[in-house]
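Participant: Got a structure for you, written out below as structure tokens; questions coming shortly.
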Amino acid sequence: MTKIRDVFGIEHEAKLISSQNSPYLEYEYKVVQRMYNPNYGDNRKCICGHSYYRHFDSYENMEACGCKYCGCSEFVEDTTEIKNKNLPHHCKLCGAYIEEDNLSVCDKCASEYQI
């Protein structure tokens, strides 16, 4: 493994995949790219207080950019609002109260997750 810098100047551990004698030295390295998940739930709240979808740039193919409103660098779900998920008569996904006895997911979550 060799350390190389990409076009943005970020250093990576890379493996040489071309011959030492070839006109171009070609390296391979792992890239992790965070992408928007349309099935996650746009209205889930981050610990910064803003919704999930606000952490992506709609002008740049929904690239993960951090919160556009407060500078929060990544979405971390705020679980303090969903502590009711294990109580009877509460949605197992969002914690909202459900009046019906036979439901485990509220209508909003059922339509959002297409259940």
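Participant: So how much slack lies between His89 and Lys30, counting 0.36 nm per residue of separation and subtracting their Cα-Cα distance, in nm?
Facilitator: Result for the pair: 16.7 nm of gain on full extension.
Participant: Further, regarding this structure: Over all directions, the average projected area of the alpha-carbon convex hull for the chain comes to how many nm²?
Facilitator: Answer in nm², one decimal: 11.2.
Participant: Leaving ligands, DNA and RNA out of it, work out the accessible area of Met62 with a 1.4 Å probe and give it in Å² to the nearest 10.
Facilitator: 50 Å²
Participant: Determine the share of the chain's accessible area contributed by carbon and sulfur atoms, expressed in whole percent, with a 1.4 angstrom probe.
Facilitator: Roughly 49 percent, rounded to a whole number.
Participant: Moving on to the next point. Where does each of 98-104, 28-34, 52-58 land if you order them by average Cβ count within 10 Å, highest first?
Facilitator: Top to bottom by mean Cβ count within 10 Å: 52-58, 98-104, 28-34.
Participant: Here's something else I'd like to know. Give, in nm to one decimal, the length gained when the segment between Asn21 and Met1 is fully stretched (0.36 nm per residue of separation minus the Cα-Cα distance).
Facilitator: 5.4 nm
Participant: Continuing with the same structure: Leaving out ligands and nucleic acids, note down the accessible area per residue over segment 1-71 with a 1.4 angstrom probe, in whole Å².
Facilitator: On a per-residue basis, segment 1-71 sits at 80 Å².
Participant: For every other residue with a beta carbon closer than 10 angstrom to the beta carbon of Val105, add +1 if it is Lys or Arg and -1 if Asp or Glu, then tell me the sum.
Facilitator: Here the count lands on 0.
Participant: Could I ask something else about it? In whole percent, what relative contact order does segment 1-95 give with Cα contacts below 8 Å and a gap of six or more residues?
Facilitator: 14 percent
Participant: Something else about it: Across the chain, how many lysine pairs, 8 or more apart or on two chains, come within less than 17 Å at their alpha-carbon atoms?
Facilitator: Going through the chain pair by pair, I get 11.
The values are calculated or read from the model by the stated rules, or taken from the named source; none is laboratory data. Being a predicted model, the structure only gives us computed values, none of them experimental. Here Cβ is always computed from backbone atoms with ideal geometry, including for glycine, and neighbour counts include all displayed protein chains. Remember, those area values only see protein heavy atoms, side chains included, never the ligands or the DNA or RNA. Shrake-Rupley method; radii C 1.70, N 1.55, O 1.52, S 1.80 Å.
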